[in-house]
Each structure stands twice: as C-alpha cells, then as structure tokens.
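For reference, the structure discussed in these notes is given below.
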Amino acid sequence: MTTIDTQLEASAAVVDTPPGLLRRIVRQRQAKIGLVLTGIVVLVAVVGPLLLPWLTGYTSTEFAGRPFQPDGLFGTDNLGRDIFSRFLDGGLTLLVFAALATALGMILGTAAGMLAAYQGGRLDSVIMRGNDVLLALPQLVFALLAITVLGPQGWVVVLVIGITHAPRIARVTRSAASAVITEDFIRASEMYAVPRWKILVKDVLPNITGPLMVELGLRMTYSIAAIASLSFLGLGMQPPTADWGLMINENRIALTLQPWGVILPVLAIAILTVGSNLITDAVARASATVEESK
Amino acid sequence: MLGLILRRLSISAVILLVVSMLVFVATLLLPGDPAQALLGQQATPERLEALRAQMNLNDPFAQRYLHWLGGLFVGDFGVSTASGGSVAVLLGDRIAASLVLMAGAAAISIPVGVIVGTYSALRRGKAGDHAATGVSLVLAALPDFVIGIALVTLFSTTVFTVLPSVTMAPPGEHVWDYPSQLILPILTLVLVIMPYIIRMMRTTMIEVLDSGYVEMARLKGVPERQVIWRHALPHAIAPVAQVVAIQLAWLAGGIVVVEFLFRYPGVGQALVDAVTNRDVQVVQALAMLIAAVYVVVNLLADIVGIVTNPKLRTGGTR
C-alpha cells in the first residue's frame, strides 16, 4: 500500500513542482560561471598528468635544466624541474584529497547530526557537547596538532580535515533534521515499526538535501583551501611530489626572478575555489527558493 | 540574563578543560622520549634519568597532566624540546607581535565592513551593491595565502615594488617599529575577514530596512539619515557582532598561514616551526593559547548576543 501511495505522491509531485533543485541551480548565471571555472581546473588537474611527458618533454620530477631559468613554456623551478610539467601533475592529489576529506566529513557529520536530532535526550547532548569541544580548536591548529603527532602524511591530512568538518556539518544537519522529524510521515513510519536507520536514511535524509548540498559545496571549498594551505606550509604533501600548494612554497623565494612557479598554482587554486564558491552560492539560493515554494 | 551568562561561562571553562586533555594526550601518542630528544643520542643513562626526573616524566600520567595544567595558569609552559629554552620566554615577544597583527586587522575590517555592508544594503540592486557583493563573494572564496601572494606580487615584487614582502626586524627591536612591514600582512587579514562582515551586515540591514518599525518611522516623516542611524543600525548590530566574533576567533588560527607567508615573527610562525621540528611542548602551549583566544572571543560574542537581545533583557530564559 505504501508503494502505491508513494507512487501517487511522486506523480503528483511531477505535475505541480516544475523545476527541480538541480535545474534551478543550473539556470542561474552564477552557477554557469562557477561550473565553467571549476570545470577548467578539474580538467587540467585530471587530464594534465596523462599528457606528461608527451606535451612538455619532461616528467614532473625530472630535471630539465638549471634552476629558475626561462627554459620551456614557463621556465624551471627551484631544483631545475619544468614548471609546466609540475603544474599539470600537481592538481589531482589536491582534488582527490579534498574530495575524500569532504566525503568523510559529510558522512560523519550527517550521521551524527541526524542521530542527535532524531534521538534527542542524552545522546543529543553528548554529540553536541563533543562538537563544541572540537569546534574550540581552529581547524588549522587541530590539523597541525595531528601532524605533529602522526607526521605529515596524506591520510593524516584527509582524516583530520574530514574530522574537523564533521561538527560543523553536524550542526547544520541537526537543525535541518529537527524540523523534519516532527512531521507526520515520520510518525507514520514509526508506527509501522520501520527500523531507525531506515527512517533516517529514507525519510529524513531526502528532506534535508538542500542544506546538505550547500554544506557539501562549502566544505569542498574549505577542504581545498585547507589542504593547499597545509602543503603551502610544508606540512601536507612532501617533496618531490608535484603539488600546487607545495609548488608555491618551493618557488616563492624567486617570485621576482621566475614568477610562473608561484602564479600558475595560485591562479589554479583561486579559480577553483571561486568557482566552487559560486556554485555553492547558487545552490544556496536554489534550495532557499525551493523551501519558499513548498 | 545573568544566570544565562554564568551558564555560558561555565560551559566555556569545561570546553577548555576538555581541549587541554585532548592536547595533552597528544604527547602520549608521540613516539620517542622527550628527554632523549633534548640531550641527543650520546647522552649517558644517568643524565637521561636525571632529566626525566626533572621533567617529571616518571610520574603517572594524571599527575603529569595536572602539573602541566597548573603550569599553564602561572605562565610555565614547559621546556622546548628543540631549543631547550623555556617555552614562555620563547613566546613572549611573539604573542605581542601577533596581537599587533590581529588588532590592526580588526580595527580596519570591522568599521569598513559595517560601512560597506550598510552602503550595499541601502543601494540594493544598484551597481555599487553588485560590485561590493561580487568582490566579497570572490574574496570569501580565496584561501588566505592566495590573497597574500596576490598582494605580494601586486605591491612588492612584480607590478609595483613599493612595500616589503617579508618582515625583518633586527633582534631586540619590535616589529611595530617598522610600520611599512605591517601593511601587507594586515591588509591580507583584512581582505580575508571583511567579506563575511560585509555580507552579514548587508543581509541583516536589508532585513531591518524591510521591517515594520523602519517603515513606520519613514511614514511618520523621520529624516532618512535618522532612520538609518537611530532605528535601523542598532537592530542590525547584534547578528553582525556574532559574525565579527567568529571572524576574530578565526584570526587566532588564520594568522598561522599569513605569518608564515610574510615570515612575520609571531605566534603562527612559531607554531609552524614547532610542528616542523616536532617540538611538542611548544605546539601544546600554542594550541592551548589559540584555543583559549578562540573560546573567549566566542564567549564574548554570545554575551553580546544575550545582552542585546531584547527578549532576554527581562530575565526570561530561552
């Protein structure tokens, strides 16, 4: 019976809510610009490594000549490696690590937030107080503390950025979910003795996708910034890996002599974060209008 | 209202206590022996034993924690494993230098942010508003080191060469004796935190301007200037104060990257150096210091929120 009901509801929904969230997002000019900007950088980061050494003649760690010389398209870096090769090779790890950290934070944060909202009582206050403690340390300081103990390794960076995202996501999830769990359809599911996890995943989660999408975009932007910052501090990716944050750190001493080693990765990170922020902003607007039209 | 503030105060104290446990546990997880690290590989067993006793390394964990915690209150942060010097002496000048940066950034970004946000709200939908919103959207997305490097390329290396890109004060002198070296780091921090203040100010101001009492004031013929200054602005301040506080708290951690970029001799640079050298005592002390600033600023923000909220003024609880 419930399946028939949901089918009826679904067909009714198709009739009177014309544009979905996704279409509302894409319709905005801002989102289009954002998609193009991030698209370009993602394309460079993903396809770049495949083009080496065919396009530039060098791999990203091969020595191409003397340091800081204007050889090749953009010259050589502090150790005489080809800057363009390193640039093409240096984006993928940043993107993958940022995506992993964001995914980890989203999973932990959403689960904790929904559980806190649905369960209430003691579990709620334990989770939220735990959040307060994690939020008392700035993200970067928390990351630095973890790196001191565990060393500058990729998985440490992903883990610590993901964990520091979680309480922030949990707060948003909790407030969004607590508005949903008082609805009648949740109570109906409870009466049918649907298991708790199923209620959370099938009934609560689909109703809070709007705020979660905004959060996803926001956290992705922050993850990129945080991971690039750590590499820039020399505490993320370690040499000789080609990485945009690390490149900036390695080449900034010669900013006057050979600016490309710094400018290329800085531009790429700037375009990437501005693009993802534009998309996030468009998502926020789209989900706000969805809320209003309900 | 007083009860609410006291409750909030005690929560902050408990949070800081838990954070201190978290930070202290970090030492236990670290491989190796701090005494060995200080004395090097050639140390004799007797000297090692003596130093361990001096650093209380043989005491049970709980006792070491309490000793360390007690030390924090009287300014004894332990001994740096990398240099062997007292952490408190190491950090004294650096704290002052970092405070100069933070105060400078706050003193510029708060008034400018409030003014630009208000201007933007008043000229809603016009060119000036679009420019302010667009610029703050872009700035808000950029990581701090990207803004910093852009400023360095613009003002000190490539386009104009007018400002120094690194801080270099001779030993014994203070960073603020060389104001031109402070401009770029402070400007970077201002550009990082201001967009949030502008956006929040604009949103709340628009909300307030659309409210019934502002319309009422306009209808009864109150001059526009007075409507904005007397009726609208005071109501928009409370939410903005929260955002300002969040940004100031962010500064406590955000100065790390900016100080590293400009080689500014402050707390942030010290933290990065300590992490690179795995100097746990210094990392612990700085993490606690930054957490304390962070928690206190957030506490102040909540108190401002409680005090300015008319619903709580009569002593009712939420």
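Read the figures in this text as sums done on the coordinates, not as results from a lab. For clarity, every value in this text was computed on a predicted model and none was experimentally measured. Reconstructed Cβ throughout: ideal geometry from the backbone, glycine too, with neighbour counts over all protein chains shown.
For the pair B:ASP177 and A:ARG187, label points projected 7 Å from Cα toward Cβ lie 7.4 nm apart. Expressed per residue, the C-alpha convex hull volume of the range A:78-226 stands at 125 Å³.
Going by how many other Cβ atoms sit within 10 Å of their own, how do A:SER223, A:SER189, B:SER120 line up, fewest first?
A:SER189, B:SER120, A:SER223
Using alpha-carbon positions, what is the distance between the centroids of the range A:156-181 and the range B:170-246, in Å? What the calculation gives is 29 Å, centre to centre.
Taking the inverse of the mean reciprocal distance over all distinct Cα pairs, the Kirkwood hydrodynamic radius of the protein assembly as shown comes to 26.7 Å.
Let me check against my output: what whole-number percent is the relative contact order of the range B:87-313, with C-alpha pairs under 8 Å and at least 6 apart?
Values: 261 pairs, mean separation 60.9, N = 227.
About 27 percent, as a whole number.
Note on chain B: helix-only mean residue ellipticity at 222 nm, from DSSP H runs of 4+ residues weighted -39500 (n - 2.57) and normalised by residue number, equals -24000 deg cm²/dmol. In a DSSP loop and with at most 14 other Cβ atoms within 10 Å, the chymotrypsin sites (Phe, Trp or Tyr not before Pro) in the range A:171-226 are A:TYR192. Arranged from fewest to most other beta-carbon atoms within 10 Å of their beta carbon, B:VAL283, B:VAL114 become B:VAL114, B:VAL283.
Label-to-label distance, A:PHE63 versus A:VAL26, with points set 7 angstrom from Cα along the beta-carbon direction: 5.1 nm. Look at where the Cα atoms of the range A:231-256 and of the range B:67-106 average out, and the two centres are 28 Å apart. For A:PHE84, A:PHE74, B:PHE24, the sequence from fewest to most other C-beta atoms within 10 Å is B:PHE24, A:PHE74, A:PHE84. Between B:VAL307 and B:LEU2, full extension at 0.36 nm per residue minus the direct alpha carbon distance yields a gain of 108.9 nm. When you restrict to C-alpha pairs under 8 Å that are six or more residues apart and normalise by the size of chain A, the relative contact order lands at 26 percent.
When the Cα centres of the range A:186-230 and the range B:120-135 are compared, how far apart do they sit, in Å? Comparing the Cα centres of the range A:186-230 and the range B:120-135, I get a distance of 33 Å. Take the Cβ atoms of B:LEU9 and B:ALA107, set R0 to 35 Å, and the FRET efficiency comes out at 0.85. Ranked from largest, the principal axis spans of the Cα set of chain A equal 74, 45, 27 Å. Distance between the pseudo-spin-label points of B:GLU224 and B:PHE73 (7 Å out from Cα toward the beta carbon): 5.8 nm.
Would you kindly calculate the mean projected area, averaged across all directions, of the convex hull enclosing the Cα atoms of chain B, in square nanometres?
For the Cα atoms of chain B, the hull's average projected area reads 21.7 nm².
Can you compute the FRET efficiency between B:LEU28 and A:THR256 using 1/(1 + (r/R0)^6), with r the Cβ-Cβ distance and R0 = 51 Å? Round to the nearest 0.05. Computed FRET efficiency for B:LEU28 and A:THR256: 0.65.
Secondary-structure-derived ellipticity at 222 nm for chain A, considering helices only, amounts to -24000 deg cm²/dmol, per-run term -39500 (n - 2.57) for DSSP H runs with n ≥ 4.
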